[in-house]
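Working notes, structure below.
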Amino acid sequence: MNELMLEVTEESVGARIDKWLSEQDTGITRSAAAGLIESGNVLVKGKTVTKNYKLRSGDNVKVSIPEPVSLDAQPENIPLDIVYEDEYLLVVNKPKGMVVHPAPGNYEGTLVNALLYHCGDSLSGINGVIRPGIVHRIDKNTSGLLIVAKTDAAHTGLAEQIKAHSFTREYEAVAMGKFKELSGTVDAPIGRNPNDRKKMCVTEKNSRNAVTHFEVLEQFEKCAHLRLRLETGRTHQIRVHLAYKGHPVLGDDVYGKSFKGIDGQCLHAKKIGFVHPISGGYMEFDSELPDYFKEILRKVR
């Protein structure tokens, strides 16, 4: 049983506890938080609450995370591009088109299926049985580096760094249009699109702050090759921020438009850096641009 102790800040007073827990960057999703609350594994000042409990000033929250139960997803012998691995974590270079964890319509062929085969029972259970070891995610059609936690202690340590925005996370993308500035920052809050719950958008309502720094590496006639650094890590952050600025990621059919011959957005998680949650040493990894990305650059040049 892993236990987390969380303090409620004044800014969080009045928030629903299930939503609040999912926003603490502890690796707990909102659905997982609701399940923990309903099973009595979340205590506020030593007492159980319901998932719609509104936080009060002075509340302290204890979260007890049970040992993971068996997962419906089956181990699959899927090749993994493992950049680094030790007894506490591993860094994987995820290919474009691979879903990170099982979900309706994608119960096979996911990164989790591959991890279950490679790691066996050595994956953290903090994020629930559907997402063992998953500390953070990248989209199906985004390629690149992803950290996986093998132990709950490693998971908690990594999640705390994400919460403190101390992770180094750099991406490269091809975005539409000509940029007036060669570098800049998009500082705009992101929340659920009220008209389409499957999409995110820049909004002041029920949103969280989001900051993306960008640099134009090469400007083409109709698009640009960018380097982007995440200060925060919201769902679809780069895709939403670039679309908001009028420069959707090339091939992004959700926030921009699809293009013949391009399957999904041209976005790659190229670099990741963090302090090892157990040894305390800083680690940084850089991945080569994948072939699909290089081919797009060749064509637009």
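The values are calculated or read from the model by the stated rules, or taken from the named source; none is laboratory data. Since we're looking at a predicted model, the values are computed, not measured. Glycine gets a Cβ as well: all are built from the backbone with ideal geometry, and neighbour counts include every protein chain shown. Protein only, heavy atoms only, side chains kept; ligands, DNA and RNA dropped before computing areas. Shrake-Rupley method; radii C 1.70, N 1.55, O 1.52, S 1.80 Å.
Quick notes on this one:
- When the range 243-301 is filtered for residues that are among the aliphatic types (A, V, I, L, M) and surrounded by fewer than 19 Cβ atoms within 10 Å (Cβ to Cβ), the ones remaining, listed by number, are Ile262, Val275, Ile278, Met283, Leu289, Leu297, Val300.
- Residue, nearest to Lys180 (Cα to Cα), within the range 196-221, restricted to residues that are among the β-branched types (Val, Ile, Thr) and over 19 Å from the mean Cα position of the chain (by Cα): Val216
- Residue within the range 236-246 that is at pLDDT below 95 and either charged (D, E, K, R) or over 23 Å from Arg137 (Cα atoms) (or both) present: no
- Selection within the range 162-185 - modelled with pLDDT of 95 or more and surrounded by 19 or more Cβ atoms within 10 Å (Cβ to Cβ): Arg169, Glu170, Tyr171, Glu172, Ala173, Val174, Ala175, Met176
- Taking each residue of the range 12-34 that is part of a loop (DSSP other than H, G, I, E, B) and looking for partners that are surrounded by fewer than 18 Cβ atoms within 10 Å (Cβ to Cβ) with beta-carbon atoms closer than 6 Å, six or more apart or interchain, yields Val13/Ser57; Gly14/Lys54; Asp25/Lys163.
- Within the range 128-146, being under 10 Å from the mean Cα position of the chain (by Cα), under 22 Å from Glu87 (Cβ atoms) and open to solvent by 10 Å² or more (accessible area, probe 1.4 Å) holds for Val135, His136.
Residues are listed down the side, and each one gets a yes or a no for (1) closer than 27 Å to Val135 by Cα; (2) touching an Asp or Glu at 6+ places or on another chain (Cβ under 6 Å); (3) part of a loop (DSSP other than H, G, I, E, B); (4) of a type outside the set (Val, Ile, Thr):
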residue	(1), (2), (3), (4)
Lys271	yes, yes, no, yes
Gly280	yes, no, yes, yes
Glu284	yes, no, no, yes
Lys294	no, no, no, yes
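- The lone criterion from (1) assigned to a strand (DSSP E or B); (2) surrounded by 16 or more Cβ atoms within 10 Å (Cβ to Cβ) left unmet by Thr232 is number (1).
- A single member of Ala149, Ala153, Ala159 is of a type in the set (A, V, I, L, M) and surrounded by fewer than 21 Cβ atoms within 10 Å (Cβ to Cβ), and it is Ala153.
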